[in-house]
Each structure stands twice: as C-alpha cells, then as structure tokens.
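Please read the structure below before turning to the comments.
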Amino acid sequence: MRVLAVGAHPDDLEILCGGTLARFVREGHEVVMCHATLGDRGSFVHTSEEVAAIRGEEARRAAEICGADYATLGLHDAEVNAADPAQQRLVVDLVRETRPDLIITHYPGDYMGDHNEISRLVFDCSFHATLPLYETGKAHHTAVTPIYYMDTLMGLGFEPTEYVDVSDVIDTKAAMLEAHESQLVWLREHDGVDIVEQMRAASRFRGLQCGVSYAEGFAPCLTWLRGTTRRLLP
Ligand SMILES: [Zn+2]
C-alpha cells in the first residue's frame, strides 16, 4: 500500500501516529509524511525564516528514521484554511502525486485550528482529487481514499475504535520525535510539557486500553465511499 499521512505541523505525526507509520514501513508499505505548515511561528528566539529552516530539517530527519518519504505544503502556522481554494489545490495535488491507498490525518475535533482545518482539507480534497474536470495539471486519482483519523493530543474528545500495537517500535517513535529538537524546547517553554514523556504516557494509556504495552488509537471516517471490509492498519 501507499500510505499518506498528513499532519498540521512538523512533529504532529510523530506524536500521534509515528509508531504506526514505522510499522507500515517495516511491513513493506510506502509511507509519505506530509506536514501542512513550515512550523514557522513557534519560537522565542528565531525569526520565522530561521525556525522554518530548522524545523524542515528536523522533520526530514524524523521521516528518515522510520524510512518514510517527507513532504510539506509550505503553509504558514495559524493560516491553514479549508475554505481557501489555493490550499485546496495544494492538497488535491498532494493526493494526485502520492496516489494513496490509505490516508491518515487529524481528527476534526482537536485542540487547535490548524489541526481541524487540515483534517477538513484532507477530507474534502481527497474527494476532489478524483474529479477529472478539477484541473491542476496532474492526473485525477482513481478512488476516494479511506481515511483514518489519528488520536487527538492526550486523547481528549477522541474515542478510538481501532488500535495499533506499537510496543516494538516505541523507541523508534521516540527517536522520531526527539529529532524535533527545536520543538522540544519550544513546547517546554510555551506549553510547559516534555512532549516525549507526554507521547510515551499517551501511547501507554492507549496500550492499557487494548492489552499491550504501547498502542496508538484511530477511528475510521465512515462517510459514503470511504468504508472497507479490510483491516488497513497494521
Ligand atoms: Zn500541531
């Protein structure tokens, strides 16, 4: 399978589904990790341009650790907007270029706007990508791709219906997250959290729910054309 994972910011995928992505790669699937924004507005010490360059490099390294390909939409933090036709075209083209069999993205009820807007963009544009007369210069995708929503931050307001055992890859997941060195500092200073410790606690919590050491929780998008009889997650 080709798996397209789309997070709002560099580090979201690592926190919320990094173990599952590492397992997909290990089991022979192709994974593209795309973050919508450049991560360019979270710093007390750098300019936007500086922090975008740093975080792009960190995200590239994180994807490399699990063997995934890396992409970004190049948007600015706090400006992800599902109603913006230019952003819609970017996501249509992302889907047309990667031609995924499965998409993983944010649950549309997470804690900040960019997460919810990119969730909406992915939902809308993975459908629009199949329309031959929505012209972007790239061939239309041939199927409306199943979507799995990943967990919210600390699981708030999210009820998983499927779990992926990430016990074997929890250290890979931690290494992917630790590649985001600048973000670890930012989250400590801005939000008062050790994000690696928080990720381990959340993965442990989901693990306890399904009887393994560490797990990640997901919920399928079950609108028409998205359902399948096959288990798509590892
Ligand atoms: Zn985020």
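Based on the alpha carbons, how large is the Rg to Rh ratio for the stretch 42-95 when Rh follows Kirkwood?
Numbers: Rg = 13.3 Å, Rh = 12.9 Å.
Rg divided by Rh gives 1.03.
Which of the peptides 196-209, 94-107, 154-167, 133-146 is most tightly packed, and how do the rest follow, judged by the mean count of other Cβ atoms within 10 Å per residue?
94-107, 196-209, 154-167, 133-146
Residue by residue through the stretch 189-194, which ³J(HN,Hα) values in whole Hz follow from phi under the Karplus form 6.51 cos²θ - 1.76 cosθ + 1.60 (θ = phi - 60°), with glycine and proline marked x?
Running phi through 6.51 cos²θ - 1.76 cosθ + 1.60 with θ = phi - 60° gives 7, 8, 10, x, 10, 8 Hz.
Using alpha-carbon pairs under 8 Å, 6+ residues apart, how would you state the relative contact order of the chain in percent?
Once divided by the residue count of the chain, the mean separation gives 24 percent.
Could I have the simple spin-label model distance between LEU232 and ARG61, label points 7 Å from Cα toward Cβ, reported in nm to one decimal?
Computed distance between label sites LEU232 and ARG61 equals 3.2 nm.
For the stretch 40-97 and the stretch 1-32, what is the separation of their C-alpha centers, rounded to whole Å?
15
Once the Cα atoms of the stretch 184-234 are picked out, what are the Rg and Dmax in Å?
For the stretch 184-234, the Cα-based Rg and Dmax read 15.8, 45 Å.
What number, in percent, do you get for the relative contact order of the stretch 85-220 if the mean sequence gap of Cα pairs under 8 Å and at least 6 apart is divided by its residue count?
25
So if I place +1 on the C-beta of Lys and Arg and -1 on the C-beta of Asp and Glu, and nothing else carries charge, what would the dipole magnitude of the stretch 182-234 be about its Cα centre? I want it in debye, nearest 20.
Values: 7 positive and 5 negative charges, 91 e Å.
Charge dipole, the stretch 182-234, about its Cα centre: 440 debye, nearest 20.
Mind checking the dipole of the chain: about its Cα centre, +1 per Lys or Arg Cβ, -1 per Asp or Glu Cβ, Debye to the nearest 20? Don't skip to the end; give the middle numbers.
Details: 20 positive and 36 negative charges, 184 e Å.
Charge dipole of the chain: 880 debye, to the nearest 20.
Kindly identify the stretch 1-105 as rounded, prolate or oblate by the Cα gyration tensor criterion: order the square roots of the eigenvalues as a ≥ b ≥ c, call it rounded if a/c is under 1.5, otherwise compare a/b with b/c, prolate if a/b is larger, else oblate.
oblate
Kindly sort SER213, SER119 by accessible area of their heavy atoms, largest first, with the probe set to 1.4 Å.
Per-residue accessible area, sorted high to low, gives SER213, SER119.
Considering only C-alpha atoms, what is the centroid distance from the stretch 191-208 to the stretch 142-186, in Å?
Each part reduced to its Cα centre gives a spacing of 11 Å.
How big is the antiparallel share of DSSP beta bridges in the stretch 93-234, given as a percent to the nearest 5? Intermediate values should be presented prior to the final figure.
Details: 7 of 11 bridges.
Antiparallel bridges: around 65 percent, rounded to the nearest 5.
What is the ratio of the Cα radius of gyration of the chain to 2.2 N^0.38 Å, where N is its residue count, to two decimals?
For the chain, the normalised Cα radius of gyration comes out at 0.95.
Tell me the carbon and sulfur percent of the accessible area for the stretch 55-166, rounded to whole percent, probe radius 1.4 Å.
54
Using Cα pairs closer than 8 Å and at least 6 residues apart in sequence, work out the relative contact order for the stretch 64-162, in percent. The partial results should precede the final answer.
Working: 122 pairs, mean separation 30.4, N = 99.
Dividing the mean separation by the residue count of the stretch 64-162 yields 31 percent.
Using 0.36 nm per residue, how much length does the chain from GLU162 to GLU79 gain when fully extended, once their Cα-Cα distance is taken away?
Numbers: separation 83, 0.36 × 83 = 29.88 nm, distance 3.11 nm.
Contour length minus Cα-Cα distance gives 26.8 nm.
The values are calculated or read from the model by the stated rules, or taken from the named source; none is laboratory data. Here the structure is a predicted model, which is why all the values come from computation and not from measurement. Using ideal geometry, Cβ is built from the backbone for each residue, glycine included, and neighbour counts are taken over all protein chains shown. Just so you know, the surface numbers come from the protein's heavy atoms only, side chains and all, with ligands and any DNA or RNA stripped out. Shrake-Rupley method; radii C 1.70, N 1.55, O 1.52, S 1.80 Å.
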